[in-house]
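Every number here is computed from the coordinates shown, using simple stated rules; none is lab data. Everything numeric in this text was worked out from a predicted model, so none of it was measured. Here the Cβ positions follow ideal geometry from the backbone for every residue, glycine too, while neighbour counts run over all protein chains shown.
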Amino acid sequence: MPNLVPKALRKPGKPGEGNGALSPEKLKEAPVDLVGWVDERTGASPFLTGLLFRKVPKGTNWYYTLGSATLFAFLVQAITGVFLAMFYVPSPVEAYGSITHITNDVFLGEFVRGMHKWGATTMIILIFLHMARTFFFGAYKYPRELNWVIGVVLIILTLVMGLTGYLLPFDQRSYWATIVAMNITATGPILGPYLADFLRAGAEFEATTLSRFYALHMMLVPGLIIALIGAHLYLVVKLGTTAPPWVRAESKPKSLREEKV
Amino acid sequence: MDSAAKEAYLREYEVLKKKGKPFFPYAVFKDSVMFMIVVGVIAFMSLMLGAEQGPKADPTTTTYVPRPEWYFFFLFELLRVLKPPELVPVATIGLPTVAMVLLLLLPFYDRNPERHPLRRPVATTAGIMTIIAMAFLTYLGASAGSPTEIELDVAPQYEAGKQVAAQSGCLACHQFGHNGNDGPGPELTHIGSELPAAAIERTLRNPPGIMPSFENLPPEKFNDLVEFLSSLR
């Protein structure tokens, strides 16, 4: 079977064999494949092979897929969200009608809107399961404290997405739930009233409130989420994923005795 | 965690990592399976359950009792449990903020180097209790009943009056069985055994305190309402 992995992305050889990205022989060779061409200009292959062939610790199990599962749910939200934004009109007069239009007229519109709605629910469940796994495995401890903090901010931002997205269909349920949410925000100490005024774009729920929620829901908060997911993943790759806490490195007999004492 | 513990952890981790498998294809395989499950479940839910569209937002209605999305039910229920007005900010802002800060700072006050859940009894118990509390509050919030519906079983001739009661905003202040808010008005589940029909009618026309008058209901609806209320025993 021919190796389908482009040469530049193959698992690097052992040290001493030389990976030769800049070796004289390599430089003389004309790059024949596209990946090689790109690699010669970006030097990306050590990074990519490092990413692909880095070791995950012994004992890694299915619980470790919850983070990626959350990311996949987010990707579903991002993609379906783009398509919904093509047809959605964020004005109090037209919003409700544009949702009806998406549901009834647009090709696959009802399906995509359904995916966006249930994708939100799925993402919330998965992000909490991912946090529970991290908590019970003690994976937030040294040296991964910062990644826990980023994760908690991501949970809060995900809930903000749920809150801001809830208004957009502009039916009775979303309208009145948002009124209550804003009133609750306004009861907060010191910053509460200002935050509520900012979210409502005024002292009362007004025509501009909907477009403000729309902008927050599809630009500001997703931007923050994408940036923080990037930081989260960078730290995951940099620090490595944890091993389950019950998996131990096989100790030498000497240290085993020490453990028993 | 002192520097010795840190070093011990990093050394142990290095060994475990050496004994592990490469991310590609082993972890990538699991993640790909998970990807298909996640997208499959979302698509399945969309096909089976869809996304309903309620009636258009109407700022002039006064009887609509809003409900949040299910993942905010625990907050919503907290609001119902802590009823006195001076405690409302505690439920709405205080507790969530405290919970958020505690969660955010977890690695900084939990300095125990131990990672095994069974050897961290305090952390594990606290985690399980938090999950149980949130699940319980979510369940209570979910089973609080629909805000514009009364689920009491009544004889067929009182169904019309039940509809009137459900749609006239009574639930905003009164409880009927599992539906409606517990206060400020009294519970009405057994109002028929407490007040005679004439008294109920008088109260609806000339209500005490902050309750609005229902005199302006169409006479037929008004009578249905009175009959329904006096049937609740």
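Some points to look at:
- Most fluctuating residue given options B:Phe35, B:Phe136, B:Phe76, as computed from a GNM of chain B linking Cα atoms under 10 Å: B:Phe35
- For B:Gly161, the shell of other residues with beta-carbons less than 9 Å away shows a net charge of -1, using +1 for Lys and Arg and -1 for Asp and Glu.
- Max mean-square fluctuation residue, GNM over chain B, Cα-Cα springs under 10 Å, options B:Ala133, B:Ala198, B:Ala27: B:Ala27
- Spin-label pair B:Arg233/B:Asn216, simplified geometry with 7 Å Cα→Cβ offset, distance in nm: 3.5 nm
- Helical runs (DSSP H, four residues minimum) scored at -39500 (n - 2.57) apiece and divided by the length of the protein assembly as shown put the mean residue ellipticity at 222 nm at -18000 deg cm²/dmol.
- Take each residue in B:89-95, count the other chain C-beta atoms within 10 Å of its C-beta, and the mean is 4.
- Mean-position separation - Cα centroids, region A:164-209 and region B:205-233, in angstrom: 33 Å
- Cα convex hull volume per residue for region B:156-230 (Å³): 86 Å³
- Kyte-Doolittle at least -0.5, axis length at least 20 Å by Cα - qualifying DSSP helices, chain B: B:28-49, B:121-142
- Karplus 3J(HN,Hα) series, Hz, for region A:46-61 with 6.51 cos²θ - 1.76 cosθ + 1.60 (x for Gly, Pro): x, 5, 5, 5, x, 5, 6, 9, 4, 7, 9, x, 3, x, 4, 10
- Inter-centroid distance (Cα atoms) of region B:83-118 relative to region B:124-199, Å: 31 Å
- Most mobile of A:Pro57, A:Pro90, A:Pro46 in a GNM of chain A (Cα contacts under 10 Å): A:Pro46
- Amide H to amide H, with H built 1.01 Å from N, B:Asn179 comes under 5 Å of B:Glu151, counting only residues 5 or more places away or on other chains.
- Cα→Cβ-extended label distance, 7 Å offset, between B:Val98 and B:Ala8, nm: 3.5 nm
- Within-10-Å neighbourhood charge of A:Thr80 [Cβ basis; K, R +1; D, E -1]: +2
- Counting every alpha-carbon pair across chain A, the share separated by more than 33 Å comes to 45%.
- Each of B:Met45, A:Met218, B:Met36 was scored by other Cβ atoms within 10 Å of its Cβ. Arranged with the fewest first, they read B:Met36, B:Met45, A:Met218.
- Sequence-distant aspartates and glutamates (8 or more away, or on other chains) whose Cα lies within less than 19 Å of A:Lys11: A:Asp33, A:Asp39, A:Glu40
- A:Met219 versus A:Tyr142: modelled label distance in nm, points set 7 Å from Cα along the beta carbon direction: 4.5 nm
- Residue mean of other protein chain beta carbons inside 10 Å, A:181-190: 4
- Cut-off 15 Å between beta-carbons: net charge of the residues surrounding B:Pro68, Lys and Arg +1, Asp and Glu -1: +1
- When peptides A:76-85, A:61-70 are sorted by average Cβ neighbour count within 10 Å, with the highest value leading, the order is A:61-70, A:76-85.
- Shielding by other protein chains, A:146-155, mean Cβ within 10 Å: 3
- Using a cut-off of 32 Å between Cα atoms, the listed pairs A:Lys7/A:Lys58; A:Lys141/B:Lys19; A:Lys117/B:Lys19; A:Lys7/A:Lys141 include A:Lys117/B:Lys19; A:Lys7/A:Lys141 as exceeding that distance.
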